[in-house]
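Colleague: There's a structure below that I have some questions on.
The values are calculated or read from the model by the stated rules, or taken from the named source; none is laboratory data. Keep in mind that what you see is a predicted model, and the values were worked out from it rather than measured. Cβ atoms come from the backbone with ideal geometry, glycine included; neighbour counts cover every protein chain shown. Keep in mind that these areas ignore ligands, DNA and RNA; they rest on the heavy atoms of the full protein, side chains included. Shrake-Rupley method; radii C 1.70, N 1.55, O 1.52, S 1.80 Å.
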Amino acid sequence: MLDIKLIRENSEIVRDSLRKRGDDEKIQMLEELVGKDQQWRQSLDKANALKAERNKIAKQIAEVKKVGGDASEQIKRSAEIPKEIARLDDETIALKTRVDEILMRLPNILHESVPVGADDSANVEVKKWGKPKEFNFELKSHGELAESLGLADFDRATKVAGAGFNYLKGDLALLDLALMNYAINCMVNKGYTLIEPPFMMRRSAYEGVTDLADFENVMYKIEDEDLYLIATSEHPMAAMFMDEIIDEDKLPLKYVGFSTCFRREIGAHGVDTKGLFRMHQFNKVEQFIFCQPEDSWKYHEELQANTEAMFQALGLPYHVVNVCTGDIGNLAAKKYDIEVWFPRQGKYGEVTSCSNCTDYQARRLNIRTGKHGGDKKSVPHTLNNTAIATSRAMVAILENYQNADGTVTVPEVLRQYMGGKEKLGKV
RNA sequence: GCGAGGAUAGCCCAGCCUGGUAAGGCGCAGGAUUGCUAAUCCUGUGCUCUUUGAGCUCGGGGGUUCGAAUCCCCCUCCUCGCGCCA
């Protein structure tokens with residue numbers, strides 16, 4: 001959520017940012033917001049003047065009655081006011097409701113370095129690491145590899161739960177846990193606090209952490225309960241301090257969360273994405289930071305560096321893209337994606353996403369920072385980045401580490417988490 | 001699922017029976033006095049607006065009333081106990 005004061009005083013900043021996104025609908029909403037906000041303040045003023053009069057008379061009545069006098073004259077005058085107040089209040093509330101509604105839907109202001117473009121084809125490569133390995137045999141897709149080694153059973157998962165789920169078996173299930181443990185250890189060693197969060201959240205908390213459109217497209221709702229399955233542990237970590245004031249001496253708060261993630265929307269399945277690439281359910285280790293506003297760009301780079309170090313250690317070639325205006329979403333002011341090399345497809349594909357949400361998410365959640373009991377408060381910045389999402393990391397490992405004989409080598413850094421195993425074994 | 005008790009400002013807590021417009025403490029900020037990293041005293045303290053002023057704020061919503069933290073109705077959440085349970 002944007003600061004209403006910023007919109008009142010510098011609406012052109014917001015307008016420019018929306019123009020870069022090419023979002024005409026939101027620009028119209030902004031214009032409506034500016035008008036309604038002004039009307040709201042006028043309406044509020046009128047209502048307040050009337051309430052002031054009512055309060056004054058009520059006070060007189062109290063004083064007259066205290067000394068046993070006759071207040072019937074004042075009571076008669078006062079009795080006429082409430083109806084008019086009610087009418088003005090209705091008007092004021094209606095205006096305010098619309099103002100808030102629009103405020104919740106306007107996206108964050110983009111950082112100046114975000115490239116302008118309509119979709120992901122306009123994302124700009126800012127870094128490249130590692131050389132794709134040359135293979136002298138015909139590559140298998142990760143799905144073929146997993147099934148031929150007996151390490152996944154997509155068909156039975158479909159029978160039991162439908163498309164988008166799977167049974168991981170044997171060494172692949174072990175690899176999933178190894179990736180989780182590896183990512184967690186890396187982050188804990190860097191001083192991040194490990195969090196196992198709730199996997200479900202109330203709607204009121206969820207509205208703070210994400211775009212409302214996600215509820216229809218992405219979220220699973222628990223029937224007859226006010227609960228949604230989380231789409232990422234970013235969400236419960238962000239909501240942790242909802243409606244609180246974080247002691248400024250405690251910032252930055254650096255967290256690493258792990259959870260299973262649940263998403264309804266998984267998109268189309270092609271030959272190469274059959275299997276683990278898009279799932280209704282997957283495991284992910286996620287980094288999250290609350291910090292002082294002036295530090296957030298520094299930590300944005302830190303979060304990105306943390307994740308790159310892990311992919312380097314895993315020996316997976318990747319490049320980093322600066323995500324463009326048309327692909328960045330509502331919350332982030334700037335976003336880097338790591339796209340790892342998928343040899344079978346011969347292209348890079350998204351595996352992580354590093355966002356600086358500036359004060360946008362924290363304001364939605366009503367999180368402030370300052371001294372407890374103090375009167376100077378500001379809105380902290382929030383940032384998040386994937387550490388490792390195991391499903392896509394496993395796709396990358398299966399494809400990049402496959403051998404001519406159909407086996408798959410285990411990346412060295414993961415072996416200590418798999419009992420020293422060097423190859424994924426057949427089940 | 002049943003029963004009981006709760007929700008008041010950054011935190012703790014009083015007021016509710018008996019309606020008259022949120023007391024006190026902690027913390028925080030400023031000041032006085034003092035001068036061992038201490039103590040004492042004074043003033044201030046949340047939100048909004050078009051800020052010399054006014055309005056709002058006692059979990060949320062509605063009702064009664066000239067006037068509601070207080071009375072009435074509905075709802076939400078929390079805690080404890082019982083039941084169930086990995």
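Colleague: May I ask you to list the residues in the range A:182-224 that are free of Cβ contacts under 8 Å to residues at least 24 places away in the same chain and either open to solvent by 80 Å² or more (accessible area, probe 1.4 Å) or not assigned by TED's automatic domain parsing to the domain that holds A:Thr386 (or both)?
Modeller: The answer is A:Asn189, A:Glu216, A:Lys221, A:Glu223, A:Asp224.
Matching residues to (1) open to solvent by 40 Å² or more (accessible area, probe 1.4 Å); (2) of a type outside the set (A, V, I, L, M):
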{"residue": "A:Ser17", "(1), (2)": "no, yes"}
{"residue": "A:Asp24", "(1), (2)": "yes, yes"}
{"residue": "A:Gln28", "(1), (2)": "yes, yes"}
{"residue": "A:Gly35", "(1), (2)": "no, yes"}
{"residue": "A:Lys46", "(1), (2)": "yes, yes"}
{"residue": "A:Ala49", "(1), (2)": "yes, no"}
{"residue": "A:Asn55", "(1), (2)": "yes, yes"}
{"residue": "A:Ala79", "(1), (2)": "yes, no"}
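Colleague: Would you check which residues across the range A:291-303 are assigned to a helix (DSSP H, G or I) and closer than 14 Å to A:Tyr192 by Cα and list them?
Modeller: A:Tyr299, A:Glu302, A:Leu303
Colleague: Has the range A:111-131 got any residue that is assigned by TED's automatic domain parsing to the domain that holds A:Tyr318, without any contact (Cβ under 8 Å) to a residue 12 or more places away in the chain and part of a loop (DSSP other than H, G, I, E, B)?
Modeller: Within the range A:111-131, none of the residues are assigned by TED's automatic domain parsing to the domain that holds A:Tyr318, without any contact (Cβ under 8 Å) to a residue 12 or more places away in the chain and part of a loop (DSSP other than H, G, I, E, B).
Colleague: Can we say A:Leu179 is among the hydrophobic types (A, V, I, L, M, F, W, C) and either within 17 Å of A:Phe262 (Cα to Cα) or open to solvent by 50 Å² or more (accessible area, probe 1.4 Å) (or both)?
Modeller: So A:Leu179 does not fit the description; no.
Colleague: Checking A:Glu339 against (1) part of a strand (DSSP E or B); (2) surrounded by fewer than 17 Cβ atoms within 10 Å (Cβ to Cβ); (3) of a type in the set (Asp, Glu), which test does it fail?
Modeller: For A:Glu339, the exception is condition (2).
Colleague: Another question, then. Filtering the range A:364-377 down to residues that are within 11 Å of RNA strand B (Cβ to nearest atom) and not in a strand (DSSP E or B), which residue is most open to solvent (accessible area, probe 1.4 Å)?
Modeller: Taking the candidates together, the pick is A:Lys376.
Colleague: Can you pull out the residues in the range A:226-239 that are of a type outside the set (S, T, N, Q) and either open to solvent by less than 30 Å² (accessible area, probe 1.4 Å) or under 17 Å from A:His372 (Cβ atoms) (or both)?
Modeller: Scanning the range A:226-239 gives A:Tyr228, A:Ile230, A:Ala231, A:Glu234, A:His235, A:Pro236, A:Met237, A:Ala238, A:Ala239.
Colleague: Same structure, new question: Any idea which of A:Arg15, A:Arg21, A:Arg8 is in contact (Cβ under 8 Å) with a residue 12 or more places away in the chain and near RNA strand B (Cβ under 8 Å from one of its atoms)?
Modeller: Checking each option against the conditions leaves just A:Arg8.
Colleague: Quick one: would you say A:Gly329 is over 20 Å from the mean Cα position of the chain (by Cα) and either on the phi > 0 side of the Ramachandran plot or not assigned by TED's automatic domain parsing to the domain that holds A:Ala387 (or both)?
Modeller: Considered against the rule, which asks whether it is over 20 Å from the mean Cα position of the chain (by Cα) and either on the phi > 0 side of the Ramachandran plot or not assigned by TED's automatic domain parsing to the domain that holds A:Ala387 (or both), A:Gly329 comes out as no.
Colleague: Mind checking which pairs have a first residue in the range A:68-81 that is at pLDDT 70 or above and a second that is more than 7 Å from RNA strand B (Cβ to nearest atom) and open to solvent by 70 Å² or more (accessible area, probe 1.4 Å), Cβ under 7 Å, 6 or more apart or different chains?
Modeller: Within 7 Å, the pairs are A:Ile81/A:Glu53.
Colleague: Still on this model: Quick one: which helices (runs of 4 or more DSSP H) lie wholly within the range A:185-255 and hold at least 2 residues that are in contact with a Ser or Thr (Cβ under 7 Å, 6 or more places away or on another chain)?
Modeller: By residue number, A:234-239.
Colleague: Can you report the number of residues in the range A:389-415 which are surrounded by 13 or more Cβ atoms within 10 Å (Cβ to Cβ) and either part of a helix (DSSP H, G or I) or among the polar types (S, T, N, Q) (or both)?
Modeller: Number satisfying all stated conditions: 17.
Colleague: Just a yes or no: is a residue in the range A:88-97 surrounded by fewer than 16 Cβ atoms within 10 Å (Cβ to Cβ), farther than 30 Å from A:Leu212 by Cβ and more than 9 Å from RNA strand B (Cβ to nearest atom)?
Modeller: no
Colleague: Still on this model: When the range A:303-334 is examined, which residues are found to be within 30 Å of A:Arg19 (Cα to Cα), at pLDDT 95 or above and open to solvent by 40 Å² or more (accessible area, probe 1.4 Å)?
Modeller: Of everything in the range A:303-334, nothing turns out to be within 30 Å of A:Arg19 (Cα to Cα), at pLDDT 95 or above and open to solvent by 40 Å² or more (accessible area, probe 1.4 Å).
Colleague: So how many residues does the range A:61-75 have that are surrounded by fewer than 16 Cβ atoms within 10 Å (Cβ to Cβ), more than 8 Å from RNA strand B (Cβ to nearest atom) and in a helix (DSSP H, G or I)?
Modeller: 3
Colleague: With the requirement that a residue be touching a Ser or Thr at 6+ places or on another chain (Cβ under 6 Å) and within 16 Å of RNA strand B (Cβ to nearest atom), what does the range A:379-424 give you?
Modeller: Within the range A:379-424, A:Pro380 is the sole residue that qualifies.
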